[in-house]
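Input: a single structure, listed below in structure tokens.
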Amino acid sequence: MSADDDTPSEAQVQAAAAEGRPTHALEPHAGGTAGRLNWLRAAVLGANDGIVSVAGIVIGVAGATSSRGPIFTAGLAGLVAGAVSMALGEYVSVSSQRDSQRAERAQEKREIAATPEAELVELTALYEAKGLTAATARTVAAELTARGALAAHLDAELHIDPDDIASPVQAAGASALSFTSGALLPLLAILLPPAPARVPVTFVAVLIALGLAGALSARLGGSDIRRAVLRVVIGGALGLAFTYGIGHLFGTAIG
Ligand SMILES: [Zn+2]
């Protein structure tokens, strides 16, 4: 970035938004904790997706037939399809995020090599914007630049932690795993009980699990837990009743 360039580029803003990074400069540095929390939140969301989509499938099919074979086949297909789709989506999104971080890093490296003076001025301005006096900001910027100009700019300007660049394969595996762990719950709940209890048992198990997942993600996000649980349980109950009704209607009309 040049010295007169005091607004972040569109790519930087997008990368920050995609990662859910804090954009205000005074946020205390808590990279490790924030990273773990984001990871846990993604896992809860993935499990939630697995619960909802496979519960919808097995309850919909159970509305049409009481034989276990089709219910199990449909549920398993839903589990695999969902896990693959989640993994693929995550792979693509993390890959492009990593590419844009690499591009930003390379550009910053070129700028530091080409116009080191302007980059020092820029870094000084960033620390002044954080609330340091001009003199202190100059000292901080100069010392950080002496220790490693690129690392200083990546941190202060682009908020990129070089040790924390996500792996697309790892992210894909994690989201497939969390989806699968959620999907197993409705699959087991519909298969294990005797036929008459299947649908009620699955309803209750799914609503409890959704409530727990909702409470956990509300807690992680610092929002109102009771409201989040209520929302997700009512939404889940309506969704399941709807899919059961559709399955029952079409299953008996067509089958
Ligand atoms: Zn810079």
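Kindly identify the range 100-139 as rounded, prolate or oblate by the Cα gyration tensor criterion: order the square roots of the eigenvalues as a ≥ b ≥ c, call it rounded if a/c is under 1.5, otherwise compare a/b with b/c, prolate if a/b is larger, else oblate.
It comes out oblate by the Cα gyration axes.
Once you have the Kirkwood Rh of the chain from its Cα pairs, apply Stokes-Einstein at 37 °C and 0.692 mPa s and quote D in µm²/s. Don't skip to the answer; put the middle values down first.
Working: Rh = 21.3 Å.
Taking Rh from Cα pairs, D becomes 154 µm²/s.
Remind me, what semi-axes does the range 149-255 give for its equivalent ellipsoid, largest first in whole Å, using sqrt of 5 times each Cα gyration tensor eigenvalue?
Taking √(5λ) for each Cα gyration eigenvalue gives 41, 18, 13 Å.
By the scheme Lys and Arg +1, Asp and Glu -1, what is the net charge of all other residues having a beta-carbon under 15 Å from that of Leu185?
Details: positive: Arg198; negative: Asp49.
Charge balance in the 15 Å sphere: 0.
Please give the charge dipole size of the chain, origin at the Cα centre, charges +1 on K and R Cβ atoms and -1 on D and E Cβ atoms. Round to the nearest 20 debye.
Working: 17 positive and 23 negative charges, 357 e Å.
Roughly 1720 debye for the chain.
Note down the net charge around Ile225, summing +1 for each Lys or Arg and -1 for each Asp or Glu among other residues with Cβ under 15 Å from its Cβ.
In short, +4.
Looking at the chain as a GNM with Cα springs under 10 Å, which of Gly245, Gly78, Gly182 has the largest mean-square fluctuation?
Largest GNM mean-square fluctuation: Gly245.
Please report the net charge: other residues with Cβ closer than 14 Å to the Cβ of Pro162, K and R +1, D and E -1.
Charge balance near Pro162 sits at -2.
I need the phi-derived Karplus couplings for the range 47-63: 6.51 cos²θ - 1.76 cosθ + 1.60, θ = phi - 60°, integer Hz, Gly and Pro marked x.
4, 4, 4, x, 4, 5, 6, 6, 4, x, 5, 5, 6, x, 5, 5, x
Can you pull the one-decimal nm distance between simple spin-label points at Arg102 and Ser85, each 7 Å off the Cα toward Cβ?
2.9 nm
With axes computed from alpha carbons, what is the tilt in degrees of helix 134-156 against the longest principal axis of the chain, rounded to the nearest 10 within 0 to 90?
Its long axis makes an angle of about 50 degrees.
Compare the Cα positions of Leu150, Val92, Leu79 along the charge dipole of the range 35-168 (+1 at Cβ of Lys, Arg; -1 at Cβ of Asp, Glu; about the Cα centre) and return the one farthest towards the positive end.
Leu79
None of the figures in this text is laboratory data; all of them are computed from the coordinates on show. Here the structure is a predicted model, which means the values were calculated and not measured. Neighbour counts are summed over all protein chains in view; Cβ atoms, including those assigned to glycine, are modelled from backbone coordinates with ideal geometry.
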